[in-house]
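Written out below as C-alpha cells is the structure these notes cover.
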Amino acid sequence: MGSNMAEQHPVGFQWVMEAKERGAKVMHVDPRFTRTSAMADLHVPIRAGTDIAFLGGIVNHVFEHDAWFREYVRHYTNATAILKPEFRDTEDAAGLFSGWNPEDEAYVIDSWAYNKTEAETAGGKHEQEGDVSGEQAHGAHGFSLRHGRPPDTDDSMEDERCILQIVKRHFSRYTPEMVEEICGCPREKFLQVARWMCENSGRERTSAICYAVGWTQHTTGVQNIRAASIVQLLLGNIGRPGGGILALRGHANIQGSTDIPTLFNILPGYIPMPHPQEQPSLDKFVELNGPKNGAWGQLKAYMVSLLKAWWGAAATEDNEYCFHHLPRISGDHSHYATMLKMLDGGVKGFFAVGQNPTVGSANTKLQRLALSKLDWLVVRDLHETETAAFWHDSPEIEDGELRPEEIGTEVFFMPAAAHTEKDGNFTNTQRLLQWHHKALEPPGDCRSELNWVYHLGRRIREKLAGSDDPRDRAILELTWDYPVKGPHEEPDAEAVLQEIGGRKADGSFVDSYDELADDGSTSCGSWIHAGIYKDGVNQSARKTPGTGQNWIAHEWGWAWPKDVRILYNRASADPDGNPWSERKRYVWWDANEGKWTSLGDSPDFPADKAPDYEPGRRDKGMDAIRGDAPFIVHPDGLGWVFAPSGLVDGPLPAHYEPQESPFRNPLYPQQLSPTRQVFPRPENPYHPPGGEPGAEVFPFVLTTYRLTEHHTAGAMSRTVAYLAELQPELFCEVSPILAELRGLEHGGWATVVSARTAIEARVMVTERVQPLEVQGRPMHLVGLPYHWGNRGLAKGDSANELLPVVLDNNVHISEYKVATCDIRPGRRPRGRERLELVEEYRRRAGVKA
Amino acid sequence: MKLETSAWPDSYGADAKPRVGFFTDTSVCIGCKACEVACKEWNRIPDSPKGFTGNSYDNTVDLGANTWRHVAFVEKRVPVDADGGASLVEAAERGGLVEEAGVNTYQEGDGLRWLMSSDVCKHCTHAACLEVCPTGALFRTEFGTVVVQEDVCNGCGYCVPACPFGVLDRREDDGRVWKCTLCYDRLKDDQEPACAQACPTNSIQFGELAELRARAEGRLAQLTAAGQADARLYLADSDDGIGGGGAFFLLLDDPEVYGLPPDPVDTTRDLGSIWAAAGAAALALGAGLAAAVLGGRG
C-alpha cells in the first residue's frame, strides 16, 4: 500500500518475486493498476487519501474475528496500559481527541498519558505544537516513566479504559461497509486482504507491509503509518522475520540524508536540535529531550560524543562541550516555511543541493516566485535544472508573467559529481549502508558534495582566522582537518566515516553506541552509526556474496544500529526467550551461554539480559528495560498501539478527508485533519472542501506518482537519452468512462486545471484506471506522473504545478498524493490566456486568489 | 532436442563452445526496461526517440537497428468465466491460484491482464538472415549465436525481409544492418549478456541452451500445475519452423498478442524445393520448346 514497488524499487522487488515463487501472497492496494499490481495476487483499487479508513477496517476485522496475537500484544505492546479517566477518543468528541485547544490549533496532550504518569513533550511542554522549534517530541523522547512500565495496567485487557479496549472502540465503525463507502474498495476485495493478512500472521507465519510516499505525502501521512503499526503490532508482525513495516524510500540515499540529517530540526541519529529558551544548558537539554529509560536514556553520552566529534579539543566539560556553539532553531525552517518566508522577502540566499523544488515541490509557481525574491541562489546539480534556470526558462517567463530583467536573484550554478565519481555510502530502506567506491574522476569543474562543503568551510575559516568575534568561534573551533587526496584535493570519505563511527580516547574505534561516554572521552558523529568502523574495518564496504552466507547475509554491508538487520528482533522470541515457532526462529535466549543468540543477525537487545529480568525502582537507561520488552527505544520498552506522546495530531489515527476532496467525511463531523498546516494566501488558493459550493468545479480526484523510467524531478533521467526516449512526454491516465465524459481522445492532448494553474498532458486512456463508487457516486481519477519539467531532453509541464501547499504538521510534508482537478480535451492555452482560463475556474469555484 | 545448426558446432571443431542463448520467462517480467537500457549502454547504440506512442507504456515500438531489446506491454480484458456468477473474491482466489503449488497468477488481476515481455533477436537454429547474406557479414559464432560483422556488412538489405520476426533493420544514417550480438564480446570474456545481468527478476536468463530448455520445461509444468492454463513455450521446439530459437520464451498468451508471429518459418527453408521446381519447370519448358522446334522442321 502507499507504494508501487515493482516500478519504483525494481531491484528490491526481485525479493518480492522470490517470495511469490515460494508461495507468498502479494496484495497491492492502489488507486491504479500498476506494474506492481500486475505481479500481485490481488489488486484492490482505493480512493487516494483514504488509507486510514482501509487500515482501520483491518484493525476492526482483526478484533471482530479475534485474530490478534494475544500473547505478543499482552507482553510486547502497551495494550494493557490504562489511560486517564479524562481521555476522550474521536468517538466521544466529534472527531477530535481530548485536549484540543482551538486558539492554538494544537492538542494539550496531558489526557493522553498513561494513568498515573505525566505526559511531556520535548522541551518540557504540554502542548504538542508542530511548527515551533524544539517542541516537537519526535519518537518517544518526551515520555518519562518512573518504573519502566506503565504503572496502571490490566493484563486481561478487558478494562474499558485499557488501551486495547480504547483502540477497539476507536475503530468500531470502520466496518467493511464503511471501508467501501469511504474508500470505494469493493467490500469482498477488502475482506480478502483482511483475511489473508490474519491467516498469515501469528506464531507460524508473518506478513509484511511495504509503503512509500503514497502514505507519507498526505496531511495524515504520519497517521497512515501509525495505522499500519497498529495492524502489525496487533498481528504480532514486528521484529520477526518476514514481518515488519518497510518504508521504501523516495531516492537512493534519502535514508542517509535523514540519518545524518539534512532536516532542520534534528541532529545526527535523530537527536532533536536544541531550543533557545527552554534549553539553556546541555544538562537541561538532556533532561527535557531524553527519557530516562531505554536506549535514549544515554542521550547525554550520544550528545557529548557528537559535540566532541565536531569541536574536538575545544569541547571540554567547562564549556559544556561547545553545546552553545550549536545553532538554535528559532522557528519552522522546513522547506515550505522557508519558501514562504522567501516569498515575503525574508530569505537572502539559498543553496539548492541536488534538489529541484521548481519541479519536485508542491505549487511549483510559488517556489519560483519565492526564488525570484532571493539576493542569491546556489544550485549544485548534474545539469542546469529547472530550479537553476528559473530566472530565464520557466512557465512564468513563457507566459510573460515574469521577465528575467525583473528578477534580481544572482544565480550560481556549481556542477556536481555523479555517484560513480565519488566514494561514499548509500543507506537503503532497511537501514543498510553499502559503500561505493569511486570509479573515475569527475570531469571539469564537477565536484562531490564532500569536496565542495569541505573547501567552502576551509575558505570561510581562512577568512575568519584571527577573528575575536565570539560568534565566529563556532566555525573556527570545528575539527575541520580531513586528509585530502588527488587532483581535486578530495577529502577522504572514509576519514569522515571513521569520525561518524566513533572513537575512544586512545583513538581506537568503538564497537557500538554502548561504548559512548558522557565525560568527553569518546567522540562519535552519529550514535546510531557507532561501530560502523568496528575493528578498524569499514563495515559498510563488506561485500561477501550472498552465495557465501545464509539468507541474513550479515557479511554484506552494515545496518544501524549495531548491524541489526531486523529491528526489535527480541520480539521474534516469546517472553521466555524461546522462538514463537521453529519455522520463525530468529533470535532466542541461550540459557547455557547466558546470552541472546541468532540465526545470524545481531540481537537488538542487551546480549546478557535474561528474559525474566525485572528492573529495580532506581534503574535507569537500558537497565530500566525489562527482559521481555523488545522496543528498547521506547521508555517502557513496549510497542505503542496507542501513542501517548510524540505526535501532534493524535494518539490514534482517524480518517480525515484530504484537503481537496469531492467527498465529505462520513465518520466524524471533523472533516479534515485539525492540525494540518494550511497557508491561505493568493499564491496558494485552495479548492472548496467536499460538499461545499464550488467544489464541483473540480470534480475529479487527482493523484501524482512515478514511473520506473524516470527519477524524481527528472534531472537525472530526462537528461539521459536512453531514459528520455522510454517515456518522452508527460501523459495523464484516465479511465475510458472519464474519457467519454470529458471528450478525451487516447493519444491526444488534455488540459488539467486546478485553482493554481492549468497544465497539458498527452492522454492515455486505460482500463487500469477505474472509476470507483464512493458514497453512492462515481469517483473519477486523473493520474499524472510528476517527473516532467521544461528542461532536458524529455520536456513537459510539471504535475506539481497543480498542487497547493498543505502539510502534515508532524513532519511538514505536503499532500502531493491527492487533490482535485478538472480535465478537458486539447492543449492548454498559452500566455495571458492560460491565466485567464485559471481565473475563470477560480471565479466559478468562488476561490479568492 | 537438436541444437546443431548448419555451421555449429561442425565448422568449429575443437573450438566450438556449448550453444548458449536466452530463456525469457515473461511471467516474471515487471516491465522495468533495464534490459533495453543496459543493452544500449553496453553496445553504445544510438538513441531512437519515437515520442509518446500511446501504446501502453511502450514507446520503443519494436526491435530495429537501434533497439536490440524491446519490452512489449499489452493491456487486455480477460474473458469472463463461464460461471460468471463467481464473486470477486472467488475470481481473485482463482486468479490467485493454488496455495499448494505455491505459484500464483502473473500479470493479471481485476479481470485485466497487463502482459509484459522483453523481445530480442531469436538467434534461430535455421537462420534465414545467415543464409541470404551475400558478403558473409552474418555468421554463426562458436557459441551457436548469429552475429553481423559491421565491418563486412555492405548494407544490401537482403537479410531484412528474410527474418520472419522483423528483427533485422538498417541504420538510416549508416546503411548497415545492426542487431543483437548476444553480447559476443562479453561471452568471450566469460560474462553474461548485459540485459541478462541487468534484469532484476531474472526474467531474462542466460546460459547453455540445453539447460535453459530443461529449466523452461520445468517452469511451464509448474505454472500449468498451478492453473495458468495459457502459459506456453515459444520457439523451444527443435521441430518448429526455425528449428527452435537460441532465444526462446515463456508466454502467457498467444504469440500474436505479443506481436510475435505464431508459426514462424525460416524463409529459406523451401529454397531447395523452389529451385528444384524451377529446374523441373525449366526442363519441361525446354523439352516443350525442343519438341516444338524439332517437330516444326520438315
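Say whether the condition of being part of a loop (DSSP other than H, G, I, E, B), within 7 Å of chain B (Cβ to nearest Cβ) and under 23 Å from A:GLN430 (Cα atoms) is met by at least one residue in region A:6-21. Walk me through how you get there before you give the answer.
To start, the set of residues in region A:6-21 that are part of a loop (DSSP other than H, G, I, E, B) comprises A:9.
Keeping just the survivors that are within 7 Å of chain B (Cβ to nearest Cβ) gives none.
No, region A:6-21 contains no residue that is part of a loop (DSSP other than H, G, I, E, B), within 7 Å of chain B (Cβ to nearest Cβ) and under 23 Å from A:GLN430 (Cα atoms).
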What's the total number of residues in region B:156-180 that are farther than 22 Å from B:CYS195 by Cα and surrounded by fewer than 15 Cβ atoms within 10 Å (Cβ to Cβ)?
5
Quick one: A:PRO688 ticks every box in (1) in a loop (DSSP other than H, G, I, E, B); (2) within 30 Å of the chain's Cα centre (by Cα); (3) closer than 21 Å to B:GLY31 by Cα bar one, so which box is it?
(3)
Condition met for A:SER717 (of a type in the set (S, T, N, Q) and within 12 Å of chain B (Cβ to nearest Cβ))
yes
Across region A:788-821, which residue is farthest from A:LEU672 (Cα to Cα) among those that are open to solvent by 10 Å² or more (accessible area, probe 1.4 Å) and over 20 Å from the mean Cα position of the chain (by Cα)?
A:LEU793
Filter pass, A:ARG626 being under 32 Å from the mean Cα position of the chain (by Cα), touching a residue at least 40 places away in the same chain (Cβ under 8 Å) and under 26 Å from A:SER229 (Cα atoms):
yes
Single residue of A:ALA314, A:ALA295, A:ALA309, A:ALA337 found to be under 20 Å from A:HIS634 (Cβ atoms), buried (at least 17 other Cβ atoms within 10 Å of the Cβ) and of a type in the set (Gly, Ala, Ser):
A:ALA295
Residues of region B:153-212 being on the phi > 0 side of the Ramachandran plot and touching a Ser or Thr at 6+ places or on another chain (Cβ under 6 Å), in sequence order, are B:LEU182
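Filter region B:24-63 down to the residues that are at positive phi and more than 7 Å from chain A (Cβ to nearest Cβ) and list them by number.
B:ARG44, B:SER56, B:VAL61
Is it the case that region A:40-62 has a residue that's acidic (Asp, Glu), part of a helix (DSSP H, G or I) and within 12 Å of chain B (Cβ to nearest Cβ)?
No.
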For residues that are part of a loop (DSSP other than H, G, I, E, B) and over 21 Å from the mean Cα position of the chain (by Cα), tally how many sit in region B:10-47.
5
Identify all residues within region A:22-39 that are under 24 Å from the mean Cα position of the chain (by Cα) and not in a helix (DSSP H, G or I); write none if there are none.
A:VAL26, A:MET27, A:HIS28, A:VAL29, A:ASP30, A:PRO31, A:ARG32, A:THR34
Can you tell me which residues in region A:427-446 are hydroxyl-bearing (Ser, Thr, Tyr) and either in contact with a helix residue (DSSP H, G or I) (Cβ under 6 Å, 6 or more places away or on another chain) or buried (at least 19 other Cβ atoms within 10 Å of the Cβ) (or both)?
A:THR427
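Counting only residues that are in a loop (DSSP other than H, G, I, E, B), without any contact (Cβ under 8 Å) to a residue 60 or more places away in the chain and crowded, with 18+ Cβ neighbours inside 10 Å, how many does region A:373-407 have?
Total satisfying the criteria: 8.
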Matching residues in region A:470-519 - criterion: being in a strand (DSSP E or B) and open to solvent by 60 Å² or more (accessible area, probe 1.4 Å):
A:VAL484, A:LYS485, A:ARG503
For region A:356-363, state whether one or more residues are modelled with pLDDT of 95 or more and out of contact with any helix residue (DSSP H, G or I) (no Cβ under 8 Å at 6 or more places or on another chain).
yes
Can you give me the number of residues within region A:21-36 that are in contact (Cβ under 8 Å) with a residue 24 or more places away in the chain and touching an Asp or Glu at 6+ places or on another chain (Cβ under 7 Å)?
7
Within region A:838-849, is there a residue that is surrounded by fewer than 24 Cβ atoms within 10 Å (Cβ to Cβ), within 23 Å of A:GLY743 (Cα to Cα) and free of Cβ contacts under 8 Å to residues at least 60 places away in the same chain?
yes
How about region B:125-155: which of its residues are open to solvent by less than 20 Å² (accessible area, probe 1.4 Å) and without any contact (Cβ under 8 Å) to a residue 60 or more places away in the chain?
B:CYS129, B:ALA137, B:LEU138, B:VAL147, B:VAL148, B:GLY155
Which of the residues that make up region B:255-286 are part of a loop (DSSP other than H, G, I, E, B), in contact (Cβ under 8 Å) with a residue 12 or more places away in the chain and of a type outside the set (S, T, N, Q)?
B:GLY259, B:LEU260, B:PRO261, B:ASP263, B:PRO264, B:VAL265, B:ASP266, B:ARG269
Per the list (1) open to solvent by 20 Å² or more (accessible area, probe 1.4 Å); (2) within 20 Å of A:ALA247 (Cα to Cα); (3) in contact (Cβ under 8 Å) with a residue 60 or more places away in the chain, residue check on A:LYS562 breaks on (3)
Test A:PRO689 against the criterion of being open to solvent by 40 Å² or more (accessible area, probe 1.4 Å), over 22 Å from A:GLY57 (Cα atoms) and free of Cβ contacts under 8 Å to residues at least 40 places away in the same chain, and give yes or no.
yes
Give me a count of the residues in region B:188-227 that are open to solvent by less than 10 Å² (accessible area, probe 1.4 Å) and part of a loop (DSSP other than H, G, I, E, B).
3
Of the residues in region A:731-760 that are in contact with a helix residue (DSSP H, G or I) (Cβ under 8 Å, 6 or more places away or on another chain) and surrounded by fewer than 20 Cβ atoms within 10 Å (Cβ to Cβ), the one that is nearest to the other protein chains (Cβ to nearest Cβ) is A:HIS746
Condition first: touching a Pro at 6+ places or on another chain (Cβ under 8 Å) and among the aliphatic types (A, V, I, L, M). Now tell me which residues in region B:6-34 satisfy that.
B:ALA16, B:ILE30, B:ALA34
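Rundown of residues vs (1) of a type in the set (Asp, Glu); (2) over 19 Å from B:CYS129 (Cβ atoms); (3) at pLDDT below 95, yes/no style:
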| site | (1), (2), (3) |
| --- | --- |
| B:GLN222 | no, yes, yes |
| B:GLN228 | no, yes, yes |
| B:ALA236 | no, yes, no |
| B:VAL257 | no, yes, no |
| B:PRO262 | no, yes, no |
| B:LEU271 | no, no, yes |
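Just give me the residues in region A:761-785 being open to solvent by 30 Å² or more (accessible area, probe 1.4 Å) and either in a loop (DSSP other than H, G, I, E, B) or within 11 Å of chain B (Cβ to nearest Cβ) (or both), in sequence order.
A:ARG762, A:VAL765, A:GLU767, A:GLN770, A:PRO771, A:GLN775, A:GLY776
The values are calculated or read from the model by the stated rules, or taken from the named source; none is laboratory data. Here the structure is a predicted model, which is why all the values come from computation and not from measurement. All Cβ positions, even for glycine, are placed from backbone atoms using ideal geometry, and neighbour counts span all protein chains on display. Note: accessible area is taken over every heavy atom of the protein model, side chains too, but ligands, DNA and RNA are not part of it. Shrake-Rupley method; radii C 1.70, N 1.55, O 1.52, S 1.80 Å.
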